[in-house]
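Below is one structure, written out as structure tokens; comments come after it.
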Amino acid sequence: MATASMDMQSASPVTYDVQYPDHLSRLLIFVKFILAIPHFIILYALNAVSSIVTFIAFFAILFTKQYPEAMFNFNIGIQRWAHNVAAYMFLLRDEYPPFSFDAGQYPVAYDVTYPVEMSRWMIFIKWLLVIPNLIVLLFALIGAYVVTIIAWWAILFTGRFPRGMFDFVVGALRWSARTNAYVNLLTDAYPPFSTKP
């Protein structure tokens, strides 16, 4: 059993999930984008800093085969914050996202297992290897946007995000989280072509 658990972790070191809400506000769907603007501004600035951290980590991995843990945790924190805001924007949750890197403060689970050792050569070709994944992911995300528009109407009339639609959107965001972690050097595990946990 322990071996199977370790295999799952090595296959997918990225954890992403969103708790399904019992009820959603019919009014918030009109203003979530406006309410999220402060997050967009801060995340834009943090992503600029994250690019610098990733650039430094590139050379750290090249010379030491390790992503400096403090830098890794900083970038994971930014990703967690961004995923909290994405869940809010995709109408998956009504709670306003915290201005925080910390886990457990929002009903979105996002984490990446810290890699003890990374390939120093993969950093040169990840951008190339991920292209097929990005192409298919693009269609999944377009589908998630379309489903969210349909769900907007469902929430307006029923106060609920239909469960099948909810799971599809969460799955598309999960796939995106895994691909993003791979591209940003947070993991060497190639993201699966899947929306499943």
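The values are calculated or read from the model by the stated rules, or taken from the named source; none is laboratory data. On a predicted model such as this, the values are computed, not experimentally measured, just so you know. Please note: Cβ atoms are built from the backbone with ideal geometry, for glycine as well, and neighbour counts cover all protein chains shown. For the accessible areas, the whole protein counts, side chains as well, though only heavy atoms, and no ligand, DNA or RNA atoms are used. Shrake-Rupley method; radii C 1.70, N 1.55, O 1.52, S 1.80 Å.
Restricting to segment 40-87, name every residue that is closer than 18 Å to residue 115 by Cβ, open to solvent by 40 Å² or more (accessible area, probe 1.4 Å) and either of a type in the set (Gly, Ala, Ser) or not in a helix (DSSP H, G or I) (or both).
Result: 65, 66, 68, 70.
Among the residues of segment 1-37, what is the count of those that are assigned to a loop (DSSP other than H, G, I, E, B), of a type in the set (A, V, I, L, M) and modelled with pLDDT under 95? Write out each step before concluding.
Taking segment 1-37 and keeping what is assigned to a loop (DSSP other than H, G, I, E, B), we get 1, 12-13, 19-27, 31, 36.
Add one more test, that the residue is of a type in the set (A, V, I, L, M), and what stays is 1, 24, 27, 31, 36.
Pick out the ones that are also modelled with pLDDT under 95 and you get 1.
Residues meeting the conditions: 1.
Which of (1) touching a residue at least 12 places away in the same chain (Cβ under 8 Å); (2) outside any loop (DSSP other than H, G, I, E, B); (3) within 18 Å of the chain's Cα centre (by Cα); (4) closer than 28 Å to residue 22 by Cα is the odd one out, the single condition residue 181 does not satisfy?
So residue 181 meets the others, but not (4).
Consider segment 141-163. How many of its residues are open to solvent by 60 Å² or more (accessible area, probe 1.4 Å) and either within 21 Å of the chain's Cα centre (by Cα) or modelled with pLDDT under 95 (or both)? Spell out how you get there, then give the answer.
Step one: filter segment 141-163 for residues open to solvent by 60 Å² or more (accessible area, probe 1.4 Å), giving 142, 145-146, 149-150, 153, 157-158, 160, 163.
Remaining after also requiring either within 21 Å of the chain's Cα centre (by Cα) or modelled with pLDDT under 95 (or both): 142, 145-146, 149, 163.
Qualifying residue count, segment 141-163: 5.
Scanning for something of a type in the set (Phe, Trp, Tyr), free of Cβ contacts under 8 Å to residues at least 12 places away in the same chain and assigned to a helix (DSSP H, G or I), does segment 161-175 turn up at least one residue? Break it down stepwise before answering.
Let us first name the residues in segment 161-175 that are of a type in the set (Phe, Trp, Tyr), namely 161, 166, 168, 175.
Imposing the further condition that a residue be free of Cβ contacts under 8 Å to residues at least 12 places away in the same chain reduces the set to none.
There is no residue in segment 161-175 that is of a type in the set (Phe, Trp, Tyr), free of Cβ contacts under 8 Å to residues at least 12 places away in the same chain and assigned to a helix (DSSP H, G or I).
Pairs needed: first member in segment 117-137, in contact (Cβ under 8 Å) with a residue 40 or more places away in the chain; second member anywhere, surrounded by fewer than 16 Cβ atoms within 10 Å (Cβ to Cβ) and assigned to a helix (DSSP H, G or I); C-beta distance under 6 Å; at least 6 residues apart or different chains.
Listed by first residue and then by second, the contacts come to 120/62; 123/58.
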